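Visitor: Can you read through this structure? Questions will come right after.
The values are calculated or read from the model by the stated rules, or taken from the named source; none is laboratory data. Only a predicted model underlies this, so the values are computations on that prediction, with no experimental measurement involved. Backbone-built Cβ (ideal geometry, glycine too); neighbour counts: all protein chains shown.
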Amino acid sequence: MTILIIEDDPSIAELIAMYIEKEGFTSLHALDGEEGLTLFYEHAPDCILLDLMLPEVDGIDVCRTIRLEDKHIPILMLTGKGQSHEIINGLESGADDYIVKPFDPNELIARLKAALRRTVLSDEYQQNIQLDNLTIAMTERRVYVNQIEVSLAPREMELLHYFACHPNQVLLRQQLFDKVWGYEFDGDPRTLDVHIKRIRDKLSHKHASWSITTVRGVGYRFEANAHG
């Protein structure tokens with residue numbers, strides 16, 4: 001598998017490349033956003049490690065551009081401390097996850113592997129779900145409301161699918177991190193809130209019959225709308 005590293009600090013990029021190549025991956029490195037997009041188009045990598053702050057084209061714009069071409073490739077943002085607002089923007093632009101610098105290379109590898117595992121669908125995960133006017137076609141990686149497609153980022157789709165597999169059940173926040181993110185999450189808890197808000201907005205705009213409700217202090221529940 002090929003991992004594209006878009007990072008303007010050569011020392012950080014070299015460290016990342018060393019660790020991922022020890023795991024048997026092939027690495028590509030771009031020093032800025034424009035070069036990163038060029039390598040993305042030329043090599044079709046399996047995963048992208050994307051620095052948030054880049055010269056020329058910044059990480060947010062790179063992420064948005066890639067998502068227009070590929071909704072499924074895992075994108076992990078590399079961010080600095082104190083960039084919580086930028087982190088939220090990164091997640092909203094389509095990134096699946098983020099890790100704050102300086103980071104433990106072993107943690108980065110664990111998150112990278114978890115992201116790649118999620119792209120290999122298990123038998124359970126391939127299950128297509130129909131709930132009233134909501135269709136989650138995992139074999140196609142598409143979501144429909146009233147037979148009209150709703151555009152979801154990969155993590156949003158995985159999260160919605162997990163909710164739909166457990167209708168009318170209260171799901172704990174940590175449970176969602178463990179099952180959907182695939183590892184013990186110790187980052188900003190707003191990561192989950194951002195993804196759920198985006199799913200809610202997209203489903204409500206299409207008048208979906210099911211929605212995600214908050215169970216205060218506990219987690220969330222996926223249930224039929226009162227008017228449905």
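For (1) part of a loop (DSSP other than H, G, I, E, B); (2) surrounded by fewer than 22 Cβ atoms within 10 Å (Cβ to Cβ); (3) of a type outside the set (S, T, Y); (4) in the same structural domain as I196 (by TED's automatic domain parsing), each residue gets a yes or a no:
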{"site": "S11", "(1), (2), (3), (4)": "no, yes, no, no"}
{"site": "M18", "(1), (2), (3), (4)": "no, yes, yes, no"}
{"site": "G36", "(1), (2), (3), (4)": "no, no, yes, no"}
{"site": "M53", "(1), (2), (3), (4)": "yes, yes, yes, no"}
{"site": "E56", "(1), (2), (3), (4)": "yes, yes, yes, no"}
{"site": "I60", "(1), (2), (3), (4)": "no, yes, yes, no"}
{"site": "L68", "(1), (2), (3), (4)": "no, yes, yes, no"}
{"site": "H85", "(1), (2), (3), (4)": "no, yes, yes, no"}
{"site": "Y98", "(1), (2), (3), (4)": "no, no, no, no"}
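Visitor: Further question: Going through R200, R190 one at a time, which residue ends up being under 21 Å from the mean Cα position of the chain (by Cα) and either assigned by TED's automatic domain parsing to the domain that holds D97 or modelled with pLDDT under 85 (or both)?
Guide: Every option except R190 fails the conditions.
Visitor: Do we have any residue at all in the stretch 38-46 that's hydroxyl-bearing (S, T, Y), part of a helix (DSSP H, G or I) and at pLDDT 95 or above?
Guide: yes
Visitor: Within the stretch 75-82, does at least one residue satisfy the condition of being within 18 Å of L4 (Cα to Cα), touching a residue at least 60 places away in the same chain (Cβ under 8 Å) and buried (at least 20 other Cβ atoms within 10 Å of the Cβ)?
Guide: Yes, some residue in the stretch 75-82 is within 18 Å of L4 (Cα to Cα), touching a residue at least 60 places away in the same chain (Cβ under 8 Å) and buried (at least 20 other Cβ atoms within 10 Å of the Cβ).
Visitor: When you go through L52, L116, L78 one by one, which is the residue that is within 13 Å of the chain's Cα centre (by Cα) and under 25 Å from F177 (Cβ atoms)?
Guide: L116
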